[in-house]
Every structure is written in structure tokens, then in C-alpha cells.
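Reviewing the structure listed below.
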Amino acid sequence: MKGVLFVISGPSGVGKGTLVKEILNERNDLKLSVSCTTRAPRQGETDGKEYFFIDREEFVSRIRENGFLEYDEHFGNYYGTPRSYVERQLKDNSVILEIDVVGALNCKRLMPEAVLIMIAPPSIEELSRRLESRGSESDETIKKRLERVKYELGQKQLYDYVIVNDALNEAKIRLIEVIDTEINKRNEGE
Ligand code: 5GP
């Protein structure tokens, strides 16, 4: 295996999607793994882009075939990382998974060589301000999200790296630095 598996997590609203997108645009040695889910596509989502949208029956049959590196249930729907895509890509490239804390910790258990990176907000107060300024969610939903954020940030000592996204450009430079360090380490070790 030549590449490194990077698992990137972080609370919603922290800007991890933007960071990952910008890095993928610049680097063709990094591949994003697209997860499978049984939830319905949201407006604007395309099959194969945000997720592979499959039905429950197919998901369960893939579980039986050991088709997922890890999978979990969120809000009544299954989400899973396709094993074959990740293993195939890792022969030549590094792979990024953008998944939640529980999924990330499961990945680390299954593949201890995976590198876990958490993108953290400068503070809970700042994240709360960002979520409110989006204006897209009710106070109740924001409160629930913040509870979840506290749990997620509480797991950060289990991560290999924590990058605080205070200014996007600095966080991006740091993320690239971490990725390059780990890829070089892997290459030197071979
Ligand atoms: P959403 O439905 O909002 O896109 O995602 C719901 C949750 O599923 C998020 O916390 C997201 O990180 C998580 N998720 C997405 N893909 C995967 C996956 O492949 N595995 C796991 N364990 N969680 C995932």
C-alpha cells in the first residue's frame, strides 16, 4: 500500500467541507472517498458525488459481503465507507474520508495506520455564532448541534492532529503540511 488514509472529522459549520474541497482541487494524488447512504438525496445532491444513494436492502447485502470498511447508522439511515474503492485507491494514491467522530475511531481500530485529523472551531462560542449567522436552522436545532459538537471535541485527544480553523487559509496550509508530513513518513518507511 502506497498511500495514506486520512480521516477528517469536525463539527458541522466548522468549514471542513470547504477545506477538503480546496485541497482536492490542488492535489491529484489525493482522492475523496464517496460514502454510501440509505438516506434520500437532498435538493442539489447528485448520486456518486455527495454520496452513492442505495436502498436498505442493497446496503444490508453489502454489509454481509464485507463491502464496507466501516458503517454506522445516523438518524435512522445507514452510512458506510466502500472498502473496495478505498483499498484500490490506496495502491497509488492517498485517500480522504470525511466522516464523523465515531466512524473515524472505527476506521482507526480497523486500520491503525489511518491518520485522524480533527478540524476544530476556535471556540464553541465562535461556532455557535457561525451556525446562527447561516440563519438556516432553528434555535432548537442549533442547540442540539452544539451539544453534539461538545461531545465531538471531547474526543480530540484520540486524534493524531487537531487543526483549528480560525482563518481558512492558515488552516489549509496546516492541513497540507500534515498531509505531506504523513505521506513522506510513509514513503521513507518503505
Ligand atoms: P448527512 O446526512 O448530514 O450528510 O450526514 C449525516 C452524518 O453521517 C454526518 O455526521 C456524517 O459525517 C456521517 N457520515 C457520512 N458518511 C459516513 C460514512 O461513510 N460513515 C460514517 N460512519 N458516517 C458517515
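The values are calculated or read from the model by the stated rules, or taken from the named source; none is laboratory data. These numbers were taken from a predicted model, which means no experiment stands behind them. We place every Cβ from the backbone using ideal geometry, glycine too, and count neighbours over all the protein chains shown. All accessible areas refer to the heavy atoms of the entire protein, side chains included, with ligands and DNA or RNA removed. Shrake-Rupley method; radii C 1.70, N 1.55, O 1.52, S 1.80 Å.
Of LYS91/LYS144; LYS49/LYS185; LYS156/LYS185; LYS16/LYS144; LYS2/LYS150, which ones are farther than 29 Å apart at the Cα? Don't skip to the answer; put the middle values down first.
Working: LYS91/LYS144 40 Å; LYS49/LYS185 31 Å; LYS156/LYS185 22 Å; LYS16/LYS144 19 Å; LYS2/LYS150 35 Å.
Pairs exceeding 29 Å: LYS91/LYS144; LYS49/LYS185; LYS2/LYS150.
FRET efficiency for the ASN66 to SER133 pair, using the beta carbon distance and R₀ = 41 Å, is estimated at 0.40. Looking at the chain alone, DSSP beta bridges between its own residues are antiparallel in about 30 percent of cases. Can you give me the Cα centroid spacing of segment 137-161 and segment 49-81 in angstrom? Each part's Cα centre sits 24 Å from the other's.
The alpha carbons of the chain occupy a box of 47, 42, 29 Å along the principal axes, longest dimension given first. Net charge around PRO41, counting only other residues with Cβ within less than 14 Å of its Cβ (Lys, Arg = +1; Asp, Glu = -1)? Local net charge: -1. In this label model, ARG39 and LEU24 are separated by 1.7 nm, measuring between points 7 Å along each Cα→Cβ vector. Summarising the amide proton neighbourhood of GLU70: residues at separation of 5 or more, or on other chains, whose placed amide H is nearer than 5 Å comprise THR81. Using heavy atoms of the protein chains and a probe of 1.4 Å, the accessible area assigned to LYS185 is about 110 Å².
Among the chymotrypsin sites (Phe, Trp or Tyr not before Pro) found in segment 19-97, those both in a DSSP coil and sparsely packed, with 13 or fewer other Cβ atoms within 10 Å of their Cβ, are PHE75.
Here segment 88-102 is scanned for amide nitrogen atoms under 11 Å from the site 7 Å beyond the Cα of ASP160 along Cα-to-Cβ, giving 95. Under 16 Å of direct C-alpha separation, and excluding same-chain neighbours fewer than eight residues apart, LYS172 reaches these aspartates and glutamates: GLU22, GLU26, GLU98, ASP180, GLU182.
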